[in-house]
Number of protein chains: 2
Amino acid sequence: MTDLPDTNLVMVTLVKPEGELEVYFERRAMPTPKPHEVLVKVLATPINPSDLGLLFGGADMSTARAGERDGLPMLSADVPPPGMRAMSGRIGDALPIGNEGSGVVVAAGDSPEAQALVGKTVALLGGEMYAEYRCLPVQMVMELPDGTDPADGASCFVNPLTSQAFVETMRMEGHSAIVHTAAASNLGQMLVKICAKDGVPLVNIVRSEAQVKLLKDLGAEYVVNSCDEDFQAKLIEAITATEATLGFDAIGGGKLAGQILSAMEVAAVKRMKNYSRYGSDTMKQVYIYGALDLGPTILNRSFGLTWSLSGFLLTPFLQKAGPEVAARLRKRVVDELTTTFKSHYSHNISLTEALSLDVAQAYNAKRTGEKYLIRPHG
Amino acid sequence: MTDLPDTNLVMVTLVKPEGELEVYFERRAMPTPKPHEVLVKVLATPINPSDLGLLFGGADMSTARAGERDGLPMLSADVPPPGMRAMSGRIGDALPIGNEGSGVVVAAGDSPEAQALVGKTVALLGGEMYAEYRCLPVQMVMELPDGTDPADGASCFVNPLTSQAFVETMRMEGHSAIVHTAAASNLGQMLVKICAKDGVPLVNIVRSEAQVKLLKDLGAEYVVNSCDEDFQAKLIEAITATEATLGFDAIGGGKLAGQILSAMEVAAVKRMKNYSRYGSDTMKQVYIYGALDLGPTILNRSFGLTWSLSGFLLTPFLQKAGPEVAARLRKRVVDELTTTFKSHYSHNISLTEALSLDVAQAYNAKRTGEKYLIRPHG
């Protein structure tokens, strides 16, 4: 282990009580693994929307400014009062960031499980990945086949497990088809492939013709463009054909979740034999799992009284589904890592570039089709 | 049975394909009960918000006009295109109205069960109550103690079962306290009494100081006025004290459902030990069971990702809860008919008065504290 540096560069995000956010680097002492831990050299870690929630949180990023601290770039931004209220639980705490990543095990504790991983390529879950090195219990790493490209292993958890969780939820809650928004995302492309393999009808909602083409080229059967004038009619058509009664919405704000429920209701009413003033008795469920639009959700309640709109989060889902389901989903990720669960990155950046103002504004725009991968060691 | 008239006056509501609603009376032949049926002289039947949904539906009641048909009053109104779409399943069908009522059994079929009810005062469920007489299977009537005032028996089902269903839902879904909106309604007053008896903490949201006083006089502990400037702070205070994580909202439109979820989240975050960017992991559920405000529901999603907003309807709840629960709830209605489940009516009207334009506009305003009871036989 003599080739390891003494220090480890770690990105942290801090909300100061006076209403300012700071994101910067700390040089911390290199950790020494405990018996059941491994020390991983982080080779690739993606910037997911869920990371941005912690990274910039409720700050007003239009006020973001570049700075320097200990010779390394830093970012600051103002936090308006609603953001301060939402983040009141984290004021004054410098929090490390980065949900997942991949790398190689460079040191290990004394336990046989830890020692067995030395030199292996692994996928990592557990936060603090925007760093040069990460020390973790062996349960938080997943061994990948020898020769796996770190870029392929970087996003083994969030998107692959979430997309599978959608299909599992469909089965657990008795639905038979799915509607998905922001469907051209990496997660959306995975879902297209899973549903095609598993024979699950999927209605993809996207926001441009280029995205329609992208998903059609992947083999998607139903792709609806929400920018089209006849969007609602097309959505009703696709939902009628698939009988989808379950939706997953990454956007959150605006009218889309309600439009999906309305389209499901129109399709369900067509299947009814008798009129009811309360609408159909078909259960219609939409889950909001993201917040690409932070504005209010607006529901024009034209979908009867048998409906539910709920938040969705991977960790509670996995807890509810239980360890056997979680293990099955993880195994599928490894088995289909370079096919179903292949992620596409439009930009590779270094750890310090991630705090350059231009780059940060670009990835914080969360444009579909743009995905950033941090490569801490180039 | 020679004292029965030959015909039965029945109110019906009709949506015409050209975009007009008509509500009028039909003189139908007096029904003859089949073996398992009873013929009931309807003595009292309430106008519930759920009746108004069928009665006037998607019509624009600002265009309502008085008319006459066969010497009896009728009402007409224009139906705008969204209303026509919502009611497409009922166009051209003259539908009888009236969910529930009470009366006396004046004739019965040959079966012993039916015969046993002759002369009895009964509560009725099953629609078509806005009529002089109603013929029903014995399972749809509930015998009331001799001497029950028909006004007391008129609302045995919708409000008494719905208010009990809220408390049952609380227990079934693992919550321990309830938030209720439009809480000064007849249903809300029943809920105050049920929760007081059962020791369930209840946060009542009302819209005036008079309603605050009304509920406080009934013994309610937490009453919050949504017209107060510090409403949200008061709501958070009451929800923090009760740890309510379940809400029932009769209003539907506007920001209130989201404000309840936000207040629940603030209270839940106070109970958390560690900060999470995803908000609390406490499940927060609000059910919309009415539509006093037909406008859009607006959710400012400041309540994490562990939440659900759903429609609520009594019949599917009773089906899910099963026959034993349904029987228990019905028994409690009879046992506590003149105490817990006492309804208050501000206006008694005749069947024909119900289609007078002034009267119809008054009850269609759905003002809390105003409740209309139709007395078909004076």
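The values are calculated or read from the model by the stated rules, or taken from the named source; none is laboratory data. If you're wondering where the values come from, they're calculated on a predicted model, not measured in any experiment. Don't worry about glycine lacking a Cβ; one is built from the backbone with ideal geometry, like all the others, and counts go over all protein chains shown. Side chains are part of the model used for accessible areas, which takes the heavy atoms of the whole protein and leaves out ligands, DNA and RNA. Shrake-Rupley method; radii C 1.70, N 1.55, O 1.52, S 1.80 Å.
Within the stretch B:38-56, being open to solvent by 20 Å² or more (accessible area, probe 1.4 Å) and touching a Phe, Trp or Tyr at 6+ places or on another chain (Cβ under 7 Å) holds for one residue alone: B:K41. Which one is least open to solvent (accessible area, probe 1.4 Å), of the residues in the stretch A:277-293 that are at the interface with another protein chain (Cβ under 8 Å from one of its Cβ atoms) and of a type outside the set (D, E)? Ranking the qualifying residues of the stretch A:277-293, first place goes to A:I288. Close Cβ contacts (under 8 Å, 6 or more residues apart or on different chains) running from residues in the stretch A:308-332 that are within 15 Å of A:T162 (Cβ to Cβ) to residues that are open to solvent by 40 Å² or more (accessible area, probe 1.4 Å) and at pLDDT 95 or above comprise A:G311/A:Y289; A:F312/A:Y289; A:L313/A:Y289; A:A321/A:M172. Could you list all residues from the stretch A:1-26 that are more than 28 Å from the chain's Cα centre (by Cα) and in a loop (DSSP other than H, G, I, E, B)? Result: A:M1, A:T2, A:D3, A:L4, A:P5, A:D6, A:P17, A:E18.
State yes or no: is A:M84 farther than 26 Å from A:P150 by Cβ, open to solvent by 10 Å² or more (accessible area, probe 1.4 Å) and modelled with pLDDT under 95?
Yes, satisfied.
Residues considered: B:V212, B:V223. Of these, the only one that is part of a strand (DSSP E or B) and open to solvent by 10 Å² or more (accessible area, probe 1.4 Å) is B:V223. When A:L72, A:L95 are screened for being surrounded by fewer than 19 Cβ atoms within 10 Å (Cβ to Cβ) and within 12 Å of another protein chain (Cβ to nearest Cβ), only A:L95 passes. Among the residues making up the stretch A:98-118, a single one is away from chain B (no Cβ under 14 Å) and touching a Phe, Trp or Tyr at 6+ places or on another chain (Cβ under 6 Å): A:E100.
Only one of the listed residues (A:A250, A:A238, A:A263, A:A233) is modelled with pLDDT of 95 or more and open to solvent by 40 Å² or more (accessible area, probe 1.4 Å). That residue is A:A233.
Look at the stretch B:337-347 and say how many of its residues are out of contact with any Asp or Glu (no Cβ under 8 Å at 6 or more places or on another chain) and surrounded by 16 or more Cβ atoms within 10 Å (Cβ to Cβ).
3
For every residue, the table says whether it meets (1) more than 30 Å from B:S185 (Cα to Cα); (2) assigned by TED's automatic domain parsing to the domain that holds B:G98; (3) touching a strand residue (DSSP E or B) at 6+ places or on another chain (Cβ under 8 Å); (4) at pLDDT 95 or above.
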site: B:P33; (1), (2), (3), (4): yes, yes, yes, yes
site: B:H36; (1), (2), (3), (4): yes, yes, yes, yes
site: B:V42; (1), (2), (3), (4): no, yes, yes, yes
site: B:T45; (1), (2), (3), (4): no, yes, yes, yes
site: B:P49; (1), (2), (3), (4): no, yes, no, no
site: B:G57; (1), (2), (3), (4): no, yes, yes, no
site: B:A64; (1), (2), (3), (4): no, yes, yes, yes
site: B:P73; (1), (2), (3), (4): no, yes, yes, yes
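Residues that are of a type in the set (G, A, S), under 28 Å from the mean Cα position of the chain (by Cα) and not in a strand (DSSP E or B) are absent from the stretch A:27-48.
Looking only at the stretch A:299-336, which residues are away from every other protein chain (no Cβ under 14 Å), open to solvent by less than 10 Å² (accessible area, probe 1.4 Å) and farther than 14 Å from A:T169 by Cβ? Full working, then the answer.
Let us first name the residues in the stretch A:299-336 that are away from every other protein chain (no Cβ under 14 Å), namely A:321-336.
Checking which are open to solvent by less than 10 Å² (accessible area, probe 1.4 Å) leaves us with A:329, A:333.
Residue satisfying the conditions is A:V333 alone.
Of the residues screened, B:A59 is one that is open to solvent by less than 40 Å² (accessible area, probe 1.4 Å) and either closer than 25 Å to A:V269 by Cα or touching an Asp or Glu at 6+ places or on another chain (Cβ under 8 Å) (or both).
When A:S356 is tested against (1) in contact with a Ser or Thr (Cβ under 7 Å, 6 or more places away or on another chain); (2) at pLDDT 95 or above, just one condition goes unmet, and that condition is (1).
Taking the stretch B:69-185 and the helices (runs of 4 or more DSSP H) fully enclosed by it, the elements with 2 or more residues that are in contact with a helix residue (DSSP H, G or I) (Cβ under 7 Å, 6 or more places away or on another chain) are at B:112-115, B:158-172. Within the set A:A210, A:A233, A:A241, A:A257, the sole residue that is over 29 Å from A:L313 (Cβ atoms) and within 23 Å of the chain's Cα centre (by Cα) turns out to be A:A210. No other residue among A:A257, A:A177 is crowded, with 19+ Cβ neighbours inside 10 Å, of a type in the set (G, A, S) and touching a Cys at 6+ places or on another chain (Cβ under 9 Å) apart from A:A177.
A count restricted to the stretch A:100-116 and to residues that are within 25 Å of the chain's Cα centre (by Cα) and either open to solvent by 20 Å² or more (accessible area, probe 1.4 Å) or more than 27 Å from A:D146 (Cα to Cα) (or both) stands at 1.
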